[in-house]
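Before any comments, here is the structure.
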Number of protein chains: 2
Amino acid sequence: MYEKDENFDPLASLVADLRSDLDATSKTILDQANSTLAPRIGDVSAHLFKAGGKRIRPVLTLSAAAVLGYRGGLHIQAAAAVEFIHMATLLHDDVVDESDQRRQRPTANLLWDNRSSILVGDFLLARALQLMVELGSRKVLESLSSAAVAIAEGEILQLSMARNLSIDEKSYRKIIEGKTSALFAAAAESGGAVGGADSEILSALRKFGHALGISFQIVDDVLDYGGDSASMGKNVGDDFRDRKVTLPVIGAVANASEEERRFWSRVIVNGEQRDGDFEYAKELLRKHGSIDKARQEAERWSAVAQDSLEILPDHPIRGKLADLTRYVTERAA
Amino acid sequence: MYEKDENFDPLASLVADLRSDLDATSKTILDQANSTLAPRIGDVSAHLFKAGGKRIRPVLTLSAAAVLGYRGGLHIQAAAAVEFIHMATLLHDDVVDESDQRRQRPTANLLWDNRSSILVGDFLLARALQLMVELGSRKVLESLSSAAVAIAEGEILQLSMARNLSIDEKSYRKIIEGKTSALFAAAAESGGAVGGADSEILSALRKFGHALGISFQIVDDVLDYGGDSASMGKNVGDDFRDRKVTLPVIGAVANASEEERRFWSRVIVNGEQRDGDFEYAKELLRKHGSIDKARQEAERWSAVAQDSLEILPDHPIRGKLADLTRYVTERAA
């Protein structure tokens, strides 16, 4: 376990280094997530985008291009396409999960309606595709189209496994590889492809994004059982209320007594949740050490991510990407 | 107005001519709309695809390639990508419209749930993209990605204009150009691109698909006020119940007496619909001649479509495409 240092924030440092690229990416996003024909597209997209977020995916794309010394402008378009795919999944996820809050603000499906969220999500996915086609890199197209397929597969797998206590670590991994890792991997790889990386570097960037994505999602799932809502932009307890079986729960269920199993069955399978249940669930996670176990798993993946960076060209941004792998797990410390 | 001939069915004739290509397209669709990771994807897709349908979009793609004498295999993939985009919009439309029937069968959102329809739609859109990337034609990518953007724009425009009696013919046209024409145009153009068409032929194919799509959608909207449910695969009266302002209604509202205006306002704007309202609405459409006027508009667009075919190489399929433009409007006769 690393020592926690409040001033250690490599993501903020990367954002500062990439400031002009990120500003250009934001401009492209706001310009392109728009339609003179249907102004609601711009309204919904701007609401979602301006709510903020870590922008970690475009940071990965821009960082990969930077490490490779890329000097053109296509990395901006690639980063915007990556963020569009992410935004589309957020809009659709909020409908699927019937969420009413994201980053302390009402969701688009609440402010407008489910229909608008579905159709604006479709628009953003199609616009991402247009940006990729315009960009003209077959590798970027292959990478991001595979990611879009994997995201949908992961989400559907999650859906068909929801409320099911027999989910094991293997199934959980498949879900998060789809819903999170795939786009992290494609984001890093796309930046590399734009930057002219050879296949060895591309594969390292992919592996880096994949491992970082797993670590990131495990930590997100841990934070859902205890982090501070404001810092993470989601609401603590959401997964519990949505009856999602995430890694911390899997660990606690595996070691549950008969009485504890009845509890999990009532709150997750039957969805009968009462006051105090969430607190009791957290107590069970602590009791069985499944939060610590999940954190260790996240750290293991962060180490894989860090190792993958070794063959990349020496560059200050590379060092910060290495720091980022540690930072991701420290969010949960 | 043409004479109606019950034996005149150029779509069936095209389907017969293209039988082996269409079978290969269906096979590609069923093979690709699948995931070992999430079997629900294959279940939902097969349910939707096997319900049937006119397959008019893949027929356009395959026909364009055939007219150009194309002998390779990529037109199959292009046709499958086109149908995937269409299937994705059907799944999302049924959620947006809260439909429970399509082609006399329960919709996927009813059999499974809205979540599955949203996410499987996303999967099919992403898979369409993968097929296009694999196919490797920049023109096909450009054409279909623009169509995907236009479809979403048209649907959102329709959404923001629903239940609004001030929609005029111009807005109506913009809606159907997006939600229907764009994919018809891209379907025909993609077949041409695969077949190696020059830019003049591509532009003619685009124009053909665009005009045919407008005609097709106007006729669909006319049939919603009187066709026979089994033959068209949708439920008569759906648009009325969904309070959509289509061309036949626009004509009747434009010429409405004060009392009739109050009727339209009650049923479309306020959504207070009672027994007998649909019959009265149909009576008003007849009274103001707006069904005939809509049919004439459809025939005008069919003629544009037919004219666009003239510069195409002489080929039996070209003749049948010309017949198809007439057939589309005769559905409404």
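The values are calculated or read from the model by the stated rules, or taken from the named source; none is laboratory data. Note that the structure is a prediction, hence the values are computed from the model and not measured. Positions of Cβ are backbone-derived with ideal geometry, glycine not excepted, and every protein chain shown enters the neighbour counts. Protein only, heavy atoms only, side chains kept; ligands, DNA and RNA dropped before computing areas. Shrake-Rupley method; radii C 1.70, N 1.55, O 1.52, S 1.80 Å.
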All positions within the stretch B:179-204 that are among the hydrophobic types (A, V, I, L, M, F, W, C) and in contact with an Asp or Glu (Cβ under 7 Å, 6 or more places away or on another chain): B:L202
Residue hits (the stretch B:92-107; part of a strand (DSSP E or B) and open to solvent by less than 60 Å² (accessible area, probe 1.4 Å)) are B:P106
For the stretch B:306-333, which residues satisfy the criterion of being at pLDDT 95 or above, in a helix (DSSP H, G or I), open to solvent by 40 Å² or more (accessible area, probe 1.4 Å) and touching a Leu at 6+ places or on another chain (Cβ under 7 Å)? B:R318, B:K320
Would it be correct to say that A:I218 is within 11 Å of chain B (Cβ to nearest Cβ), surrounded by 24 or more Cβ atoms within 10 Å (Cβ to Cβ) and aliphatic (A, V, I, L, M)? no
Residues that are closer than 28 Å to B:L284 by Cα, hydrophobic (A, V, I, L, M, F, W, C) and within 14 Å of chain A (Cβ to nearest Cβ): does the stretch B:170-188 have at least one? yes
Look at A:F49 and say whether it is closer than 25 Å to B:V149 by Cβ, touching a helix residue (DSSP H, G or I) at 6+ places or on another chain (Cβ under 7 Å), without any contact (Cβ under 8 Å) to a residue 60 or more places away in the chain and within 14 Å of chain B (Cβ to nearest Cβ). no
Considering residues of the stretch A:33-51 that are of a type outside the set (A, V, I, L, M) and assigned to a loop (DSSP other than H, G, I, E, B) only, the residue nearest to A:N109 (Cα to Cα): A:P39
I want to confirm something. Restricting to the stretch B:132-152 and keeping residues that are under 19 Å from the mean Cα position of the chain (by Cα) and of a type in the set (S, T, Y), which single residue is farthest from the other protein chains (Cβ to nearest Cβ)? B:S143
When you look at A:N235, is it closer than 25 Å to A:F278 by Cα, assigned to a loop (DSSP other than H, G, I, E, B) and either open to solvent by 40 Å² or more (accessible area, probe 1.4 Å) or at pLDDT 95 or above (or both), yes or no? no
Are any residues in the stretch B:36-53 of a type in the set (V, I, T) and open to solvent by less than 30 Å² (accessible area, probe 1.4 Å), and if so, which ones? B:I41, B:V44
Mind checking whether some residue in the stretch A:68-91 is under 19 Å from B:H92 (Cα atoms) and either part of a loop (DSSP other than H, G, I, E, B) or among the charged types (D, E, K, R) (or both)? no
Checking B:A150 against (1) over 25 Å from B:V249 (Cα atoms); (2) open to solvent by less than 30 Å² (accessible area, probe 1.4 Å): exactly one of these is not met. Which one? (1)
Which one of these is in contact with a helix residue (DSSP H, G or I) (Cβ under 6 Å, 6 or more places away or on another chain) and over 25 Å from B:G271 (Cβ atoms): B:L135, B:L159? B:L135
Of everything in the stretch A:137-156, what is touching a residue at least 40 places away in the same chain (Cβ under 8 Å) and not polar (S, T, N, Q)? Give them in sequence order. A:K139, A:V140, A:L144, A:A147, A:A148, A:I151, A:E155
Those residues of the stretch B:117-130 which are crowded, with 24+ Cβ neighbours inside 10 Å and either in contact (Cβ under 8 Å) with a residue 60 or more places away in the chain or within 7 Å of chain A (Cβ to nearest Cβ) (or both) amount to B:S117, B:I118, B:L119, B:V120, B:D122, B:F123, B:L124, B:L125, B:A126, B:R127, B:L129
The stretch A:223-232: number of residues that are out of contact with any Ser or Thr (no Cβ under 9 Å at 6 or more places or on another chain) and either open to solvent by less than 10 Å² (accessible area, probe 1.4 Å) or at pLDDT below 65 (or both): 6
Return yes when B:F123 is closer than 19 Å to B:D220 by Cβ and of a type in the set (F, W, Y) and no when it is not. no
Can you pull out the residues in the stretch A:281-305 that are more than 19 Å from A:S215 (Cα to Cα), of a type in the set (K, R) and buried (at least 17 other Cβ atoms within 10 Å of the Cβ)? A:K282
Conditions (1) more than 21 Å from the chain's Cα centre (by Cα); (2) within 7 Å of chain B (Cβ to nearest Cβ) -> A:E155 fails only (1)
Test: A:L91 is modelled with pLDDT of 90 or more and within 9 Å of chain B (Cβ to nearest Cβ): no
Per the list (1) more than 14 Å from chain A (Cβ to nearest Cβ); (2) assigned to a helix (DSSP H, G or I); (3) of a type in the set (K, R), residue check on B:K54 breaks on (2)
From the list B:L183, B:L157, B:L144, B:L110, exactly one residue is surrounded by fewer than 23 Cβ atoms within 10 Å (Cβ to Cβ), of a type outside the set (G, A, S) and in a helix (DSSP H, G or I). Which is it? B:L110
Residue check for B:G209: touching a residue at least 60 places away in the same chain (Cβ under 8 Å), small (G, A, S) and open to solvent by 10 Å² or more (accessible area, probe 1.4 Å): no
Is one or more of the residues making up the stretch B:28-35 open to solvent by 50 Å² or more (accessible area, probe 1.4 Å), in contact with a Phe, Trp or Tyr (Cβ under 9 Å, 6 or more places away or on another chain) and within 20 Å of B:L125 (Cβ to Cβ)? yes
Is it the case that A:A79 is more than 14 Å from chain B (Cβ to nearest Cβ), surrounded by 19 or more Cβ atoms within 10 Å (Cβ to Cβ) and touching a residue at least 12 places away in the same chain (Cβ under 8 Å)? yes
